[in-house]
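Scroll down for the structure; my scribbles are underneath it.
Every read-out reported here was derived from the displayed coordinates using simple, explicitly stated rules and does not represent laboratory data. For clarity, every value in this text was computed on a predicted model and none was experimentally measured. Cβ placement follows ideal geometry from the backbone for every residue including glycine, while neighbour counts extend to all protein chains displayed.
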Amino acid sequence: MVEFSGILWQNGKMQIKDLYGAMLEKINSGEDTVLATIVAETGSSPRSAGAHILVDKNGRVTGTIGGGTLEYRSIQLAQGLLEQRQSRRKTYRLYRNDEEELGMMCGGNVDVFFQFVKGGDGKTASLIGEALARLEKDEDLWLFIDLTSPTDWTMALYSGGSLFPAGMKLDEDDIRDLARNREVLVKKGGRRIYGEPVKFAGRVFIFGGGHVAQALEPVLESVGFRCAVFDNREEFVSRELFPGAFDLITGDYDHVGEKITVGSRDYIVIMTHAYDLAVLRQIIGRNCAYIGVIGSATKAAALKRQLAEEGVSEEILNRINSPIGLKIKSETPEEIAVSIAGEMILRRAERRAAALALPGNPDTAQNAAPNAVPAAGRP
């Protein structure tokens, strides 16, 4: 069985388990820290919303919010807040020739929340411990921070329709605003609440490590999917080919169950060519989130016809996405990768919309309510 650790996007962000582990260690040792989080950004910036850095009296413990002057000034401010035992929200202007500028050429603004975390704080330790435990489970997880009053912030985890701890006052509309596919800063009724996806459950198993898989894995990684690549050839499951994959598996295509266990939240992409039918036979009966098989319409029809003759029902056959990907007239491996990723993003958005009972058109991953704005400040 393949095990995966709970990790936030690797697209320029740190492993969230490392951050939470460091926070919990500091709290339990009785040492005060400040967690600096980019909660919103506009224009260009070295890091987007959701980037974190943990600071103690000696400086950076772990994480980054972009390096350079922004990070240097943020660490200085965090250390000052440690002495004052206070939290604060601050906007940095990343422009030249501005009184508040940082001497950077990015040309944007970043809104950073400096969160004073008291050593020995049992309530925060309990929440961080709960987050670490839930990262090991196959469930979606969000972090909400009410920073309406920076000096009196509150945090909560959201998963499976419930909040932990249950004290944060949020109604169903608030949660629909906050539990998005990306970081958001909700401004509503005089409140400012930040929502961050900590983990999206489910994995992507890519069967076949050829050219399309090599183009697809980094695209999926960049939009928050966790990928494992399976091939029967060791040279096609190397770190050189797939540096960002969560796991690389060499195995027999006729016995994939000996190496992996597929769950209802998992996504399956089959592109072995010679072994597509063999893999599909073993996967088709699983209630996966998505099954896609590369190939032409003729090949797709032949696969479905063969499976129908073997007794697979039409209802199950209709769950196969083949030819795989959105119809964007893709030709190159890179273009095909984009079309596949687009189809999977759409499926993920539809699943999340259904789970959260989001209103609106399921054909968009945003479906944002009027009060929810992307924390990255981009369309």
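Annotation note: GluC sites (Glu not before Pro) in the range 128-224 located in DSSP loop regions with a Cβ neighbour count of at most 14 within 10 Å are GLU136. Under the combined filter of DSSP loop state and at most 14 neighbouring Cβ atoms within 10 Å, the range 169-240 retains these trypsin sites (Lys or Arg not before Pro): LYS169, ARG233, ARG239. Comparing PHE242, LEU220, ASN287 along the charge dipole axis of the range 204-348, the residue lying farthest to the positive side is ASN287, per the Cβ-charge model.
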